[in-house]
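The values are calculated or read from the model by the stated rules, or taken from the named source; none is laboratory data. Every value quoted in this text rests on a predicted model; they were computed, and no experiment measured them. Heads up, the Cβs are rebuilt from the backbone with ideal geometry, glycines too, and the neighbour counts pull from every protein chain shown.
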Amino acid sequence: MKKSSRWQDRDPRFREESGRYDHPVPSREFILEELGKARQPLDFDALCGRLGVRDRALRQALTKRLGAMVRDGQLLLNRAEEYCLLDRLPLVVGTVSGHKDGFGFLLPEDGGEDVFLPYRQMRQLMHGDRAAVRVTGTDARGRREGSLVEVLERRTKQVAGRFWFESGVGFVEPDNRRISHRVVIPARARAGAKSGDLVVAEIVEPPTAHADPVGRVSRVLPEEGAAQTAVELAIASHGLPHEFLPAALREARRFGRQVPAAAAAERVDLRELPLVTIDGEDARDFDDAVYAAPTRGGFRLLVAIADVSHYVTPGSALDSEARERATSVYFPGRVVPMLPEELSNHLCSLMPEVDRLCMTCEMNVSREGRVTRARFYPAVMRSAFRLTYNRVAAALVDRDTGVRGELAPVIDVLETLHDVYRALRRHREARGALDFEAPEVKVIVDAAGQVEDIRAYPRNDAHRLIEECMIAANVEAARFLKKHRMPALFRIHGTPEEDRIEELKRFLAMRGLHLETGHELEPRRLQAVLQQVAERPDSAVLENAIIRSLPQALYQPLNIGHFGLALSEYVHFTSPIRRYPDLLVHRAIRHALAGGTAEDFVHAAREMELLGQECSLRERKADEAARSVVAFLKCEFMKGRVGEEFDAVATGVTDFGVFVQLKAFQVDGLVHITSLPKDYFRFYEADRTLVGERTGQRFTIGDELRVRLVRVDAPERKIDFELVDKTGSAFHPRRAKRGARGRRR
């Protein structure tokens, strides 16, 4: 029997595609199969011929599918406009992460080891680009080194920074230090920008091996309020989506402001339970509410989370916008939300005394802090109180009679929640999870956008109460998804690398601390050190050193556990208003509750890998943008204080000076070596110590210093101090060894 030439008869997924689309095109699997049989790359016409696709409309639809396969890493489109199978090429595909010194790294999409890209390879690349590289060997530090093969996607569409005009040439110096290129601005493309203006420039021509990128000024940024300027600069510099498409706004408005009675009727009714939200003073989106009651063997704990998945469905405009952002970004005085305000601040926000849809995790917690039973269900709730951390702490810890009187309707619930927290805390301590107690530092901005103050907000029992309840719900969500074998993004935190741990052990040993590692480092060993240093004057420095030794937490479908929390499985479930991975977890739970399986879930395993990479990268980008704004505003805050003296602690020592942090404001800066007492200072790298040859005076991490502010450079985020007095040394490290480098004043 002659084999059919129609692609519809040859494509094994055609029936499935027909059920999903009105005008089906060849499936991804069929395209990959035919490319494999061809045994060579094919351009579009050749591929259409091999597939048997001749209809013009079908060819246009196929173009979109091939574009999606290139985007998802299933195919590579080379310079000859040919489609290639990636697994047939000895290449590594990933996202470029630039460094201010000109080199960079490729972060592989398969999760493998990063590939170092030297300056000459980065000439054609910009931070954020997607590229394919060939591993050519290892560098002097033993890292995989690569050479560029293809730029797959130019993701940096614009830069923001200062426009300069020098020697007849206009250019933008990017504010984002990960972009090391200057962007050339032709005379006709300056849009009236003057030398020194802050501008946003669109990239017109990408960089090449021999030329910088070319751009055109799209707008000049106003420099009125410091906060507004800093935020606008960060949004443009880091390419943060900040305006919603009209289609997404229309979808959000279509839901209205109230929960329909029909939607509430289909759910478990929790409206009579006094659930409460506990958040910061300035919170506007309330993701989670909690309730607890005593039982014979312990406690019944309810963690109710805004049911964002009811409103944001796969394939919708809202979903596309949420995926593009992956996270809300919190700046001083402004939030760039993941979802439109109609949802984030209203219909999905668990505001008091209004009906709201939620996904609830109900747990039985023993008095030892173990969750003995858990179940998930969609519900409707009505928050009884919008509480703040400070009010709850005043009621539970300070026993403030006035506050307790105001909260009388829910005081018994709060007392029980406090008991639940103490039980969960005992279990946390028993498993040895890390517990960092550094206060949250906030930049306070006034109505005019000027920095009013920098304040540290210590954690209290109310913060810890909510944290432990959320962790418990996140763990149960992870266990539920594992049990039902659903694709999910786990929040993973790997074991620290061996060289990082050895460096940390040396650092701690010089400060009189011993880190027990054994055969394999356990979090409880690091937690023991944190407990030892809690009352020391250099506790913040030591805590920061431990944090720097840890790997970054990521999202990925392969579960390896969470080292810092000492947990074997962990997902993010509790903040779907502001984090896309949480929304994906809600979808998976909802699907499993409805009797669905991994096979018919809307997000396949391969897509979850890509979503994990996207969410991790966008989380990192959002963090960098937020840090850049805070650093800028700290500089603005210090500008008017030049000449003032401050108490500080040494946070780092190099051959060119001592990095310090002001105790009052947690502002960081540098005491350059030329500002130290008149002497020749020798830098001992092993000890991270500067020692004066004549005076023998030592400067090491943890020293308490008195410094004077001498210079502030806000655009560079640099603050310089000079030494007034060395008020004391937290430690007297052992004598430095030979082989150190000297440094003259």
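Could we say that Ala394 is outside the structural domain of Leu662 (by TED's automatic domain parsing) and buried (at least 16 other Cβ atoms within 10 Å of the Cβ) here?
So Ala394 fits the description; yes.
Among the listed residues Leu343, Leu350, identify the single one that is of a type in the set (A, V, I, L, M), within 14 Å of Ile577 (Cβ to Cβ) and in a helix (DSSP H, G or I).
Every option except Leu343 fails the conditions.
When you scan the stretch 307-320, do you find a residue that is farther than 22 Å from Phe255 by Cα and touching a Leu at 6+ places or on another chain (Cβ under 9 Å), even just one?
no
Residue-wise test of (1) farther than 30 Å from Leu610 by Cβ; (2) in contact (Cβ under 8 Å) with a residue 60 or more places away in the chain; (3) part of a loop (DSSP other than H, G, I, E, B); (4) in contact with an Asp or Glu (Cβ under 8 Å, 6 or more places away or on another chain).
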| position | (1), (2), (3), (4) |
| --- | --- |
| Leu481 | no, yes, no, no |
| Arg485 | no, yes, yes, no |
| Lys505 | yes, no, no, no |
| Arg511 | yes, yes, yes, yes |
| Glu516 | yes, no, yes, no |
| Gly564 | no, yes, yes, no |
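Take the stretch 676-723 and flag every residue that is among the hydroxyl-bearing types (Ser, Thr, Tyr) and closer than 21 Å to Arg536 by Cα.
Thr689, Thr700
For the subset of the stretch 271-308 comprising residues that are among the β-branched types (Val, Ile, Thr) and not in a strand (DSSP E or B), which member is farthest from Met359 (Cα to Cα)?
Among those residues, the one meeting the criterion is Thr295.
Taking the stated definitions as given, is Pro537 not in a helix (DSSP H, G or I) and not assigned by TED's automatic domain parsing to the domain that holds Glu452?
yes
Exactly one of (1) crowded, with 21+ Cβ neighbours inside 10 Å; (2) modelled with pLDDT under 90 is unmet by Phe683. Its number?
(2)
Looking for something at pLDDT 95 or above and buried (at least 22 other Cβ atoms within 10 Å of the Cβ) - is there at least one such residue anywhere in the stretch 515-528?
Checked against the condition, which is being at pLDDT 95 or above and buried (at least 22 other Cβ atoms within 10 Å of the Cβ), the stretch 515-528 yields no hits at all.
Here are the criteria: (1) crowded, with 21+ Cβ neighbours inside 10 Å; (2) out of contact with any Gly (no Cβ under 6 Å at 6 or more places or on another chain). Tell me which single one Asp499 does not satisfy.
Tallying (1) crowded, with 21+ Cβ neighbours inside 10 Å; (2) out of contact with any Gly (no Cβ under 6 Å at 6 or more places or on another chain), Asp499 fails exactly one: (1).
Take the residues in the stretch 299-355 that are within 19 Å of the chain's Cα centre (by Cα) and of a type in the set (Phe, Trp, Tyr); name whichever of them is surrounded by the fewest Cβ atoms within 10 Å (Cβ to Cβ).
Tyr330
For the stretch 299-314, give me each residue that is within 14 Å of His346 (Cβ to Cβ) and of a type in the set (Ser, Thr, Tyr).
Within the stretch 299-314, just Tyr311 meets the criteria.
What is the residue count in the stretch 83-98 for residues that are surrounded by fewer than 16 Cβ atoms within 10 Å (Cβ to Cβ) and touching a strand residue (DSSP E or B) at 6+ places or on another chain (Cβ under 8 Å)?
Of the residues in the stretch 83-98, 1 are surrounded by fewer than 16 Cβ atoms within 10 Å (Cβ to Cβ) and touching a strand residue (DSSP E or B) at 6+ places or on another chain (Cβ under 8 Å).
Between residues in the stretch 536-547 that are over 18 Å from Ile501 (Cα atoms) and residues that are part of a helix (DSSP H, G or I) and not β-branched (Val, Ile, Thr), which pairs lie under 8 Å by C-beta distance while being six or more apart or on different chains?
Arg536/Leu542
Taking Pro378, is it touching a Leu at 6+ places or on another chain (Cβ under 8 Å), surrounded by 17 or more Cβ atoms within 10 Å (Cβ to Cβ) and of a type outside the set (Asp, Glu)?
yes
Kindly list, by first and then second residue, each pair from a residue in the stretch 434-447 that is free of Cβ contacts under 8 Å to residues at least 60 places away in the same chain to a residue that is of a type in the set (Ser, Thr, Tyr) and exposed (fewer than 14 other Cβ atoms within 10 Å of the Cβ), limited to pairs with Cβ atoms under 7 Å and residues at least 6 apart or on different chains.
none
Going by what's in this entry, would Gly595 be described as of a type outside the set (Phe, Trp, Tyr), outside any helix (DSSP H, G or I), free of Cβ contacts under 8 Å to residues at least 24 places away in the same chain and out of contact with any Pro (no Cβ under 9 Å at 6 or more places or on another chain)?
When the stated conditions are applied, Gly595 passes them.
For Val649, all conditions in the list (1) within 30 Å of Asp687 (Cα to Cα); (2) within 26 Å of the chain's Cα centre (by Cα) hold save one; what is the number of the exception?
Every condition holds for Val649 apart from (2).
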